[in-house]
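See structure below.
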Amino acid sequence: MTRLLTALASLLCLGLAAFGINAASPLALFDAIGPRDPGGRLAAKDQPFGEGPRRRLDVYVPTAGAENAPVLVFFYGGSWQSGAKDDYAFVGHALAAQGFVTVLPDYRLYPETAFPGFLQDGAAALAWVRDNIAAYGGDPRRIVLAGHSAGAYNALMLGLDSRYVTAAGVDPKTIKAVAGLSGPYDFLPLDQDTTLKVFGKAPDQAATQPGSFVGPLSPAAFLASGDADTVVKPRHTVSLAAKLRAEHVPVQERIYPGLDHKDTLLALSVTFRSKAPELAEMASFLMRQSAGRSQYTMRR
């Protein structure tokens, strides 16, 4: 019965906002009633990493416990204008069940902040990880970043443009890999209301694009999209993967047949995991990279 209710709630997600999930959407209902991965559990809630209610994070850990485990920081989407970590518990449980000590931070949204405020918040969350995650069994020297939609942008920018984490006192070398699910990475010129509001006042527009910072020392990347995504088209994934590949950075690029924008998020859940092997493939890639094993460039 729970699975049926979860499936019915998910149908309402068809109207989710561009570049992410609106916090007032049925995602909260989906998260509340959906089954959880039994291999993960919530270990800490609303830990402050800065001032204000939007600078709080939750920590999920493997149920069996963790010792020097890799740390995965996941950023949700929502057009940089909406979203709440409390609606993504299913993601925290899923990633912790894969063996990661998982951190889900909130971050400031427009109009409270614009670019690069949300990236500075993400970097502040990483500083909290550096100082505190060992108490939860995580290894602060082995961090991987992931996100969906606008959160994928955040993850890739923090991994590729080291200025933000460096300013927060975090060694960029601790970021071993990044993963982006249906992320917008190449959106110049600014021609949409959302991007104009959020990025329009940036003095250097090129510096808002992840591809501007790709180089041979960039972290390995898992980049995925769905071929039915009309919100953030797969060209963003294909373009960034090509730039990384040209610099001989390890990349796994996946375009999943039949998946649209919301599906690459929902496929992380127990209810919709059969949509695509995304969780297993992303987790395997990030786990290998966090262990320091070299990877050949993959495209499937």
Of the peptides 165-173, 201-209, 142-150, how do they stack up when ordered by the mean number of other Cβ atoms within 10 Å, highest first?
142-150, 165-173, 201-209
The answer for the stretch 74-187, accessible area per residue at 1.4 Å probe in Å², is 25 Å²
Given a cut-off of under 8 Å on Cα pairs at least six residues apart, what relative contact order in percent is computed for the stretch 24-290?
17 percent
Can you classify the stretch 191-270 as rounded, prolate or oblate using the Cα gyration tensor, where a ≥ b ≥ c are the square roots of its eigenvalues, rounded means a/c under 1.5, and otherwise it's prolate if a/b beats b/c and oblate if not?
oblate
Please compute the alpha carbon radius of gyration of the chain, then divide it by the globular-protein estimate 2.2 N^0.38 Å. Two decimals is fine.
0.90
Note, residue 264: beta-carbon cut-off 14 Å, +1 each Lys/Arg, -1 each Asp/Glu, net -2
For the peptides 73-79, 39-45, what is the packing order when you average, over each peptide's residues, the other Cβ atoms within 10 Å and list the highest mean first?
73-79, 39-45
Taking all protein chains as present, what is the carbon and sulfur share of the accessible area of the stretch 38-81, in % to the nearest whole number, probe 1.4 Å?
48 percent
How much of the accessible area of the stretch 151-300, in percent, comes from carbon and sulfur atoms when a 1.4 Å probe is used?
54 percent
Please enumerate, by chain and number, the aspartates and glutamates with C-alpha under 15 Å from the C-alpha of residue 275, excluding those fewer than 8 residues away in the same chain.
227, 229, 260, 263
With unit charges on the beta carbons (Lys and Arg positive, Asp and Glu negative) and the dipole taken about the Cα centre of the stretch 173-296, which residue among 219, 187, 261 sits farthest to the positive side?
219
Report the relative contact order of the stretch 144-300, percent, no decimals, based on alpha-carbon pairs under 8 angstrom and at least 6 residues apart.
23 percent
Relative contact order of the stretch 169-235, pairs being alpha-carbon contacts under 8 Å that are 6 or more residues apart, as %
48 percent
Once you place label points 7 Å from the Cα toward the Cβ at residue 47 and residue 284, how far apart are they in nm?
3.0 nm
Could you tell me the calculated FRET efficiency between residue 67 and residue 247, based on Cβ-Cβ distance and R0 = 41 angstrom, to the nearest 0.05?
0.75
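The values are calculated or read from the model by the stated rules, or taken from the named source; none is laboratory data. Please read all numbers here as calculations on a predicted model, not as lab measurements. Cβ: placed from backbone, ideal geometry, glycine included. Neighbour counts: every protein chain shown. Accessible surface is based on the protein model in full, side chains and every heavy atom, while ligands, DNA and RNA are left aside. Shrake-Rupley method; radii C 1.70, N 1.55, O 1.52, S 1.80 Å.
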